[in-house]
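Asker: I'd like to ask you about the structure that follows.
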Amino acid sequence: MSKKKELSSMAKIIPVLKLLFPITAKKFPWFFPCEIFKVFIMVANTLLPVIVSPMIIEELITARDVKTLIILASILIGGECITLIIWEKLNNKLQKYQQRLDDYFNMLAGQHSMELDFQLTEDKDALDQVEKARTGMDWYSGGVYGITEQLTGFTANVFNVFGLVVIISLHAPLLLLLILVYVVIMGFVTAKNNKIGMEAYKKLSKVNRLFGYFGWNIVDFRYGKDIRLYDAKKMMVDCWDRNSEKSNSHWEWQAKTSMKYNLAGDVANIIRMIVSYIYTGFLAIKGVFSISVFVQMIQAADELNNKLGGLVYNAQEIAKRCNYAYEFVLFMEYPEALEKGERSVDKEIREIEFKNVSFKYPGTEKMILDNISIKIKAGEHLSIVGLNGAGKTTFIKLLCRLYDPTEGEIFVNGVNIKEYDYKQYMALFAPVFQDFRLFAFPIEENITLVDGEAIGEADNGVNTTDIEDRLRRVIELVNIKEMLEKLEKGSKTMLYKYFDENGIEPSGGEQQKIAIARALYKESPVVILDEPTAALDPIAEYEIYKQFHTLVGDKTAFYISHRLSSCRFCDTIAVFSEGKIAEYGNHDTLIKMTGGIYAKMFEAQAQYYR
């Protein structure tokens, strides 16, 4: 990824607002009107006491008219009660939006994570950006709600400051200069603290990712057997403690570094209060204005000081929060790792060709594949064998466009795969990788990857009958029908116990069969089986082999396995060694090659079955 020029804190505000606010207004149309109404309540709540209270004092000192006093008191008390009630109602409504906004943007981040090019999921910089986006939106910026609250406060404070300046300038204009000096000092203090906080935040992104990894793995029951049998608890807890100490040290550094600026702000506030009282008291004694105006000036000066400080605080908080939220913007705009074309894909595959393809993983120098050239015809079943690290799985990753070749080209039907529409191209392949994952969903949803609750709903665009027929067929093909019949809920049984205490923990072999069923259900023209029988017992493995042609049919198939007996079921065999195709042919041909890699591997395995 080429790094963009770093923007200043203020320059990051516009991109954040341009991305987040239109999304929010569309999804939650009443959120911003509520915030705007809140501005008027905040202004009324500030200015009403400053204007009405001196009028009550003046009336008490002079005429003491009961009717006038009752009217003024009613305006003050009634106004404050009304604004307080509306304030509570608005805050209650807006706080409900807070969680909904957080959840919605977390959902958008999760959705975008699933759409990122696979290559980026193994890239350190991309993973750090994911962490920065998550913590930047959740922990530090407060998300859309946190930023909007500061904008609302800023807008209200602008109106409040204007009104208070007018009031003070009529009687004690020098107070404005004193307050201005104090606000400048507090602006400096806040800016320093924000800079310190941002520096700590950047250091914490990697620490938080490691802290979370160790913390969650300790309590994840999937690691339970290994942690217990290998007595890994101490190692995991020690790692957690060590990263906790690193995290705490960053927070401690932030607190200690900010302390001197906070003390300076407190001293400045004390000085401001002393000078304000001396100045306005002197003017009152000299008779420049009355006691009621003196009270008004003190009250207005305190409010103006608070609102100016709030104005500076709001402005810096907006910049700071947008600075954090900008990491979310960078994540949502993270550059693609792969070049995408727009050409439509012909679903009928006639030929796949690797032409002089070499590959090394980003950030490394070792060539995993070295000048690979091979053609696979439509309907051909190719077995790929070789020792660990020979490049077999990498070959498949390149075919599926999880990565692009470092050198050379890959063609499908004579067209460079970079020219094809990416999603259409991905639909051509139904792989079962060694490290496949099943989800804590019902078994049928793990196979169909269709929301079970959506099936049967009106106008959902899903053919329920077609889904059920295809599901029934693949369940029988991979031989898990008997297993499902023993379960009370059958294929609707939940996998694992994350969300259902009655969920099942399938064996490794059962998981592998479900993964194969998922691949067959997809009905793609190319099936890829990467060590598909590694967790199966010999009898179950034999059943899969026996049904291999039934399972795959006339589709093009790639079959990776360390068990060479599976190669008999394939048309051709490619033997990978040190990143190259060292041998190529069918079983009968390769077994006769004296000293050949395949012949040696086959003989080494065959002796265990004699």
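Asker: If Ser577 meets every condition in (1) at pLDDT 90 or above; (2) in contact with a Ser or Thr (Cβ under 7 Å, 6 or more places away or on another chain) apart from one, which number is that one?
Answerer: All conditions pass for Ser577, except number (2).
Asker: I would also like to ask the following. Restricting to helices (runs of 4 or more DSSP H) lying wholly in region 401-512: which have 3 or more residues that are closer than 25 Å to Leu120 by Cβ?
Answerer: Values: elements: 422-426, 443-448, 464-477, 481-485.
Result: 422-426.
Asker: Okay, moving on. Report yes if Ile71 is over 28 Å from Ala284 (Cα atoms) and assigned to a helix (DSSP H, G or I), otherwise no.
Answerer: No; evaluated as a whole, the condition is false for this residue.
Asker: Also: Taking the condition under 52 Å from the mean Cα position of the chain (by Cα), of a type in the set (A, V, I, L, M) and over 20 Å from Glu35 (Cα atoms), does Ile86 pass? Can you show your working first?
Answerer: Details: under 52 Å from the mean Cα position of the chain (by Cα): yes; of a type in the set (A, V, I, L, M): yes; over 20 Å from Glu35 (Cα atoms): no.
Against the criterion (under 52 Å from the mean Cα position of the chain (by Cα), of a type in the set (A, V, I, L, M) and over 20 Å from Glu35 (Cα atoms)), Ile86 does not qualify.
Asker: Does Gly79 satisfy being assigned to a helix (DSSP H, G or I), in contact with a helix residue (DSSP H, G or I) (Cβ under 7 Å, 6 or more places away or on another chain), in the same structural domain as Val293 (by TED's automatic domain parsing) and at pLDDT below 90? Show your work before the answer.
Answerer: Numbers: assigned to a helix (DSSP H, G or I): yes; in contact with a helix residue (DSSP H, G or I) (Cβ under 7 Å, 6 or more places away or on another chain): yes; in the same structural domain as Val293 (by TED's automatic domain parsing): yes; at pLDDT below 90: no.
When the stated conditions are applied, Gly79 does not pass them.
Asker: Right, something else. If you check every pair at least six apart or on different chains, which have Cβ atoms under 7 Å apart with a residue in region 82-110 that is farther than 30 Å from Pro49 by Cα first and a residue that is part of a helix (DSSP H, G or I) and of a type in the set (Asp, Glu) second?
Answerer: Asp102/Asp138
Asker: Give Pro54, Pro49, Pro22 a once-over and let me know the one that is in contact with an Asp or Glu (Cβ under 9 Å, 6 or more places away or on another chain) and assigned to a helix (DSSP H, G or I).
Answerer: Working: Pro54 fails: in contact with an Asp or Glu (Cβ under 9 Å, 6 or more places away or on another chain); Pro22 fails: in contact with an Asp or Glu (Cβ under 9 Å, 6 or more places away or on another chain).
Just one listed residue meets the conditions, Pro49.
Asker: For region 346-362, which positions are surrounded by 15 or more Cβ atoms within 10 Å (Cβ to Cβ), of a type outside the set (A, V, I, L, M, F, W, C) and either assigned to a strand (DSSP E or B) or not assigned by TED's automatic domain parsing to the domain that holds Gln424 (or both)?
Answerer: Glu353, Lys355, Ser358
Asker: Tally the residues that are modelled with pLDDT of 85 or more and of a type in the set (Phe, Trp, Tyr), restricting the search to region 488-507.
Answerer: Count: 1.
Asker: Hey, among the residues in region 266-295 that are of a type in the set (A, V, I, L, M) and more than 18 Å from Leu180 (Cβ to Cβ), which one's surrounded by the fewest Cβ atoms within 10 Å (Cβ to Cβ)? Let's see the steps before the verdict.
Answerer: Quick first cut of region 266-295, residues of a type in the set (A, V, I, L, M) only: 267-268, 270-271, 273-275, 278, 283-285, 288, 291, 293, 295.
Add one more test, that the residue is more than 18 Å from Leu180 (Cβ to Cβ), and what stays is 283-285, 288, 291, 293, 295.
Values: Leu283: 17, Ala284: 19, Ile285: 9, Val288: 13, Ile291: 13, Val293: 21, Val295: 18.
Among them, the one singled out is Ile285.
Asker: Criterion first (touching a Ser or Thr at 6+ places or on another chain (Cβ under 6 Å), among the β-branched types (Val, Ile, Thr), farther than 30 Å from Val412 by Cα and at pLDDT 85 or above) does Ile480 satisfy it?
Answerer: Values: touching a Ser or Thr at 6+ places or on another chain (Cβ under 6 Å): no; among the β-branched types (Val, Ile, Thr): yes; farther than 30 Å from Val412 by Cα: yes; at pLDDT 85 or above: yes.
No, not satisfied.
Asker: Another one. Got at least one residue in region 417-426 being at pLDDT below 95, surrounded by 19 or more Cβ atoms within 10 Å (Cβ to Cβ) and within 24 Å of His549 (Cβ to Cβ)?
Answerer: no
Asker: From the list Pro54, Pro15, which one is touching a helix residue (DSSP H, G or I) at 6+ places or on another chain (Cβ under 7 Å), closer than 30 Å to Asn323 by Cβ and surrounded by 14 or more Cβ atoms within 10 Å (Cβ to Cβ)?
Answerer: Details: Pro54 fails: closer than 30 Å to Asn323 by Cβ.
Answer to the check: Pro15.
Asker: Hey, can you tell me all the residues within region 549-602 that are among the charged types (D, E, K, R) and in contact (Cβ under 8 Å) with a residue 12 or more places away in the chain? Spell out how you get there, then give the answer.
Answerer: Here is the first cut: in region 549-602, the ones among the charged types (D, E, K, R) are 554-555, 563, 568, 571, 578, 580, 583, 588, 592, 600.
Result: Asp554, Lys555, Arg563, Arg568, Asp571, Glu578, Lys580, Glu583.
Asker: Here's another thing I want to ask about it. Which is surrounded by fewer than 19 Cβ atoms within 10 Å (Cβ to Cβ), over 26 Å from Glu510 (Cα atoms) and at pLDDT below 95, of Gly452, Gly391, Gly456? Walk me through how you get there before you give the answer.
Answerer: Numbers: Gly452 fails: over 26 Å from Glu510 (Cα atoms); Gly391 fails: surrounded by fewer than 19 Cβ atoms within 10 Å (Cβ to Cβ).
Gly456 is the lone residue from the list that is surrounded by fewer than 19 Cβ atoms within 10 Å (Cβ to Cβ), over 26 Å from Glu510 (Cα atoms) and at pLDDT below 95.
Asker: Also, I was wondering about something else. Sort through Val161, Val130 and tell me the only one that's closer than 30 Å to Lys18 by Cα, under 23 Å from the mean Cα position of the chain (by Cα) and in a helix (DSSP H, G or I).
Answerer: Selected residue: Val130, the only one of Val161, Val130 that is closer than 30 Å to Lys18 by Cα, under 23 Å from the mean Cα position of the chain (by Cα) and in a helix (DSSP H, G or I).
Asker: Considering only region 428-438, I want to know if a residue exists there that is of a type outside the set (Lys, Arg), in the same structural domain as His562 (by TED's automatic domain parsing) and farther than 24 Å from Ile516 by Cα.
Answerer: no
Asker: Taking only region 306-339 into account, find how many residues are surrounded by 21 or more Cβ atoms within 10 Å (Cβ to Cβ) and farther than 27 Å from Asn160 by Cα.
Answerer: 6
Asker: Within the bounds of region 219-230, is there any residue that is modelled with pLDDT of 80 or more, charged (D, E, K, R) and surrounded by fewer than 18 Cβ atoms within 10 Å (Cβ to Cβ)?
Answerer: Restricting attention to region 219-230, the residues satisfying the condition of being modelled with pLDDT of 80 or more are none.
Checking region 219-230: not a single residue is modelled with pLDDT of 80 or more, charged (D, E, K, R) and surrounded by fewer than 18 Cβ atoms within 10 Å (Cβ to Cβ).
Asker: Looking at this structure, is Trp87 loosely packed, with under 15 Cβ neighbours inside 10 Å and on the phi < 0 side of the Ramachandran plot? Spell out how you get there, then give the answer.
Answerer: Working: loosely packed, with under 15 Cβ neighbours inside 10 Å: no; on the phi < 0 side of the Ramachandran plot: yes.
Answer is no for this residue.
Asker: Look at Asp123 and say whether it is in contact (Cβ under 8 Å) with a residue 12 or more places away in the chain and of a type in the set (D, E, K, R).
Answerer: yes
Asker: Just to be sure I understand the filter: pairs with C-beta atoms under 7 Å, separated by 6 or more residues or on different chains, first member in region 134-146 and on the phi > 0 side of the Ramachandran plot, second member modelled with pLDDT of 85 or more and charged (D, E, K, R). Which pairs pass?
Answerer: Gly142/Arg321; Gly143/Asp102
Asker: In region 286-304, how many are among the aromatic types (Phe, Trp, Tyr) and not in a helix (DSSP H, G or I)?
Answerer: Narrowing region 286-304 to residues among the aromatic types (Phe, Trp, Tyr): 289, 294.
Narrowing the set further to residues that are not in a helix (DSSP H, G or I) leaves 289.
The qualifying residues number 1.
Asker: For Lys307, state whether it is assigned to a helix (DSSP H, G or I) and closer than 30 Å to Gly110 by Cβ.
Answerer: Values: assigned to a helix (DSSP H, G or I): yes; closer than 30 Å to Gly110 by Cβ: no.
The answer is no for Lys307.
The values are calculated or read from the model by the stated rules, or taken from the named source; none is laboratory data. All values reported here derive from a predicted model rather than from experimental measurement. No Cβ is skipped: glycine too gets one built from the backbone with ideal geometry, and neighbour counts run over all protein chains shown.
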